[in-house]
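The values are calculated or read from the model by the stated rules, or taken from the named source; none is laboratory data. Just so it is clear, the structure is predicted and the values come from calculations on it, not from any experiment. Ideal geometry is used to build each Cβ from the backbone, glycine not excepted, and the neighbour counts take in all protein chains shown. Ligands, DNA and RNA are stripped out before the accessible areas are found, and what is left, the full protein with its side chains, is counted by its heavy atoms. Shrake-Rupley method; radii C 1.70, N 1.55, O 1.52, S 1.80 Å.
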Number of protein chains: 2
Amino acid sequence: MKRVLLKVAYDGTNYHGWQVQDGSATIESELNRAINEITHEQIEVSGASRTDAGVHARGNLAVFDTNARMPAEKFSYALNTRLPEDIRVVESSEVSMEFHPRFVDTEKTYMYRICNAEFPDPLKRLYTFFSYTKYDVDKMQKAAEYLTGEHDFKSFASIHTQAKTTVREITGIKVERADNEIQITVKGYGFLYNMVRIIAGTLLEIGAGKYAPESIKDILEACDRSKAGPTAPAQGLTLIEIKILDGTV
Amino acid sequence: MKRVLLKVAYDGTNYHGWQVQDGSATIESELNRAINEITHEQIEVSGASRTDAGVHARGNLAVFDTNARMPAEKFSYALNTRLPEDIRVVESSEVSMEFHPRFVDTEKTYMYRICNAEFPDPLKRLYTFFSYTKYDVDKMQKAAEYLTGEHDFKSFASIHTQAKTTVREITGIKVERADNEIQITVKGYGFLYNMVRIIAGTLLEIGAGKYAPESIKDILEACDRSKAGPTAPAQGLTLIEIKILDGTV
């Protein structure tokens, strides 16, 4: 028996998110099917991040246990021949039987992309949120600084969050223009449900001049979801990387 | 009667190219349909560049003549409500009745994108050619310098070209790495059928070490399509811009 860690990239457009749901195509169900075709075992992967419907990833992580003799490194090649082309296993490796990417310290990097032009860019329509509003990126960056560090992010969590504590630590937020896009890169040690999309929605309102960058302080303090901006649409969000911080792999 | 110039962006994935073909969805046929819905005239647009099936554009140009009273600038907004979301009119303006983007001096910019990683990137699969081969980008750039300037590009044209002369002028080629991509940007005053894709295919063979950068000189001199590299796949190619050079708009 060995445990295999997968690094998975996907275009979330055509999936109902990561998690298996009866009757809907999900990333997890496609991975389970492909793994079971190879191993002939009834394996279910366990993911690090259950991304929502429409959210994309360049580096989500998942583990599964198998008796297959195939070396862990070969699974990426074998799985990619059986997966649809909008899902790729970009790396596979053997980890200890105790290792689970959800239960070790990690730093996650998300990018929220806004196509900011007069009209949508057809080549980016699936991977960005489109808005023709004029945004002040400097104000967005200034507001982002107030979010960096350890805070109670209750105002930036879905009211459906099941987390025991809403205190999280953001290690950095960068807001940049690139081509016809605004890119918001958020790094942190853990995120609440919808947190990055609510941060994006709030920074966009600040960039549009709806309120001042400093008002982030009041929003955080309020611990009230209704004080923050809207949840930005799923298709603009990409989970870029999950970095394993401790040495338990 | 007035002539309207459209700047058109599209994801070519789901189309059989620009040009109207019986029974197939094309960019031109979608534009004609949308314009006719608005004007109730039997209008056919005339494009600057008849891109192939699968090729993308951020700035192709087309003109049409109409008696509609709608100001030319408003057509972009009106058309976008009637076009599928993989086609956008990003600008519309009135031009003189004599103006046609195919018959004035223009400088065109194309980008050929190669996703160069161990595995394809699902988020770029529709807009790049995937290759895991290791390429020497400096060699590709060096080879590209030999293509710059006025040459007989017969070796770099499809044998089906109907051009009277195969002499063209390339004003610049840039080969760069960006993220997990190699991007080949080609600018010139006119291109032969498949020319950019054959240039990309040839530069990739040079980057892979199949022959030296200097061999471009022999390939040009041979005036023989079989001496150049393969035609790189359509989905990696994007027509970025057509710049009108004279003052006839």
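What the table shows:
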{"read-out": "Test: B:Glu44 is more than 14 Å from every other protein chain (Cβ to nearest Cβ) and either within 24 Å of B:Arg125 (Cα to Cα) or open to solvent by 20 Å² or more (accessible area, probe 1.4 Å) (or both)", "value": "yes"}
{"read-out": "Residue in segment B:55-73 that is open to solvent by 20 Å² or more (accessible area, probe 1.4 Å) and in a strand (DSSP E or B) present", "value": "yes"}
{"read-out": "Some residue of segment A:61-73 being in contact with a Lys or Arg (Cβ under 6 Å, 6 or more places away or on another chain) and either assigned by TED's automatic domain parsing to the domain that holds A:Gln235 or of a type outside the set (A, V, I, L, M) (or both)", "value": "yes"}
{"read-out": "From the options B:Ser93, B:Ser29, residue that is in a helix (DSSP H, G or I) and either surrounded by 15 or more Cβ atoms within 10 Å (Cβ to Cβ) or away from every other protein chain (no Cβ under 14 Å) (or both)", "value": "B:Ser29"}
{"read-out": "Filter result for B:Gly54 (more than 14 Å from A:Glu118 (Cβ to Cβ), within 14 Å of chain A (Cβ to nearest Cβ) and of a type in the set (Gly, Ala, Ser))", "value": "yes"}
{"read-out": "Near pairs, Cβ below 6 angstrom, 6+ apart or cross-chain, from segment A:140-152 (in the same structural domain as A:Arg177 (by TED's automatic domain parsing)) to any residue that is open to solvent by 40 Å² or more (accessible area, probe 1.4 Å)", "value": "A:Tyr146/A:Lys217; A:Glu150/A:Glu169; A:Asp152/A:Val167; A:Asp152/A:Cys223"}
{"read-out": "A:Thr161, sole failed condition from (1) at pLDDT below 95; (2) under 21 Å from A:Glu214 (Cβ atoms); (3) of a type outside the set (Gly, Ala, Ser)", "value": "(2)"}
{"read-out": "Output for segment B:201-246, where each listed residue is part of a loop (DSSP other than H, G, I, E, B), under 21 Å from B:Ala48 (Cβ atoms) and of a type in the set (A, V, I, L, M, F, W, C)", "value": "B:Leu245"}
{"read-out": "Tally, over segment B:66-83, of residues that are more than 9 Å from every other protein chain (Cβ to nearest Cβ) and touching a residue at least 40 places away in the same chain (Cβ under 8 Å)", "value": "8"}
{"read-out": "Cβ pairs under 7 Å, 6+ apart, first in segment A:101-130 and within 11 Å of chain B (Cβ to nearest Cβ) and in contact (Cβ under 8 Å) with a residue 40 or more places away in the chain, second assigned to a loop (DSSP other than H, G, I, E, B) and of a type in the set (S, T, N, Q)", "value": "A:Arg113/A:Thr128; A:Cys115/A:Thr128; A:Cys115/A:Asn180; A:Ala117/A:Asn180; A:Asp121/A:Asn180"}
{"read-out": "Cβ pairs under 7 Å, 6+ apart, first in segment B:15-41 and more than 13 Å from B:Thr66 (Cβ to Cβ), second among the acidic types (Asp, Glu) and part of a helix (DSSP H, G or I)", "value": "B:Trp18/B:Glu28; B:Gln19/B:Glu28; B:Val20/B:Glu28"}
{"read-out": "Only listed residue being among the hydroxyl-bearing types (Ser, Thr, Tyr), in contact with an Asp or Glu (Cβ under 7 Å, 6 or more places away or on another chain) and over 15 Å from B:Gly207 (Cα atoms), chosen from B:Tyr132, B:Tyr189", "value": "B:Tyr189"}
{"read-out": "All positions within segment A:124-141 that are closer than 22 Å to B:Pro84 by Cβ and open to solvent by 20 Å² or more (accessible area, probe 1.4 Å)", "value": "A:Lys124, A:Arg125, A:Leu126, A:Phe129, A:Phe130, A:Tyr132"}
{"read-out": "Subset of segment A:178-212 [of a type in the set (Asp, Glu) and open to solvent by less than 40 Å² (accessible area, probe 1.4 Å)]", "value": "A:Glu181, A:Glu205"}
